[in-house]
1. Check which residues have an amide H placed less than 5 Å from Trp127's amide H, if you skip close sequence neighbours.
2. Just to be sure I understand the model, the point goes 7 Å from the Cα along the line to the Cβ. What's the resulting Ala77 to Trp142 distance in nm?
3. Starting from the residue with the highest accessible area, list His137, His35 in decreasing order, probe 1.4 Å.
4. With every protein chain kept in the model, how would you rank Trp100, Trp116 by accessible area, 1.4 Å probe, largest at the top?
5. Largest first, what is the accessible-area ranking of Tyr4, Tyr43 with a 1.4 Å probe?
6. At 7 Å along the Cα-to-beta-carbon direction for both Asp94 and Ile64, put a label point, then send me their distance in nm to one decimal.
7. Which value, in Å² rounded to 10, gives the accessible area of Glu139 with a 1.4 Å probe and all protein chains present?
8. Using only protein heavy atoms and a 1.4 Å probe, report how much of Val134 is accessible, in Å² to the nearest 10.
Amino acid sequence: MPIYLEPPACRPGGPDGRGWNRLSLNAHMGQDAAHCALRPRSYGKLYESQDTRRASWPGFAACINENRCDTCPIFNAEPTELRSFTADVLIRIDERGRPWAVNKPEQGWSSSAQLWKWDEIARLSGWKIGARHVDEHGEGFWLHAVGEPVNGTYGKTKES
């Protein structure tokens, strides 16, 4: 499965044939960087990261190990854990695009919430990515527990 995502080749002349358009000097900064399909930055890219055959550049964070995936700390990182008393957990996305696991979704942003990183959710064990969620408080998506609860807690396996 592809993990290292090379940027598309661009014409040196740019779209206008004489160089990049003159609208902004920084419009293309970082556009030549390879991305890592294990480092999503949105719900759509999180979905792609679950089966990287679907992954496409851009939308992921930059590769940090120069296409040496076998020795990459992200590739070799341990799975993350989320434990919950409910089989469904809502992840709300704030105005800056950051994911938050919320305790009581019906309370909106007044609920207790824990900030997560997209990379952590991509490595989450014991949960599957669910559908998008939109309500009067904003948008997000659901996580659904894969197995039965162990001692009343979802996201925990008998081995952990």
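1. Those lying under 5 Å, H to H, from Trp127 are Val146.
2. According to this spin-label approximation, the distance is 2.7 nm.
3. Working: His137 60, His35 20 Å².
Ranked list, largest accessible area first: His137, His35.
4. On the way: Trp100 55, Trp116 25 Å².
The most accessible residue leads, giving Trp100, Trp116.
5. Details: Tyr4 70, Tyr43 30 Å².
The most accessible residue leads, giving Tyr4, Tyr43.
6. Each label point is offset 7 Å from its Cα along the Cβ direction, giving 2.1 nm.
7. 90 Å²
8. Per-residue accessible area (Val134): approximately 120 Å².
The values are calculated or read from the model by the stated rules, or taken from the named source; none is laboratory data. Predicted model only: the values in this text are computed from it and were never measured. Every residue, glycine among them, receives a Cβ derived from its backbone with ideal geometry; neighbour counts consider all protein chains shown. What goes into the accessible areas is simple: the full protein's heavy atoms, side chains included, and nothing from ligands, DNA or RNA. Shrake-Rupley method; radii C 1.70, N 1.55, O 1.52, S 1.80 Å.
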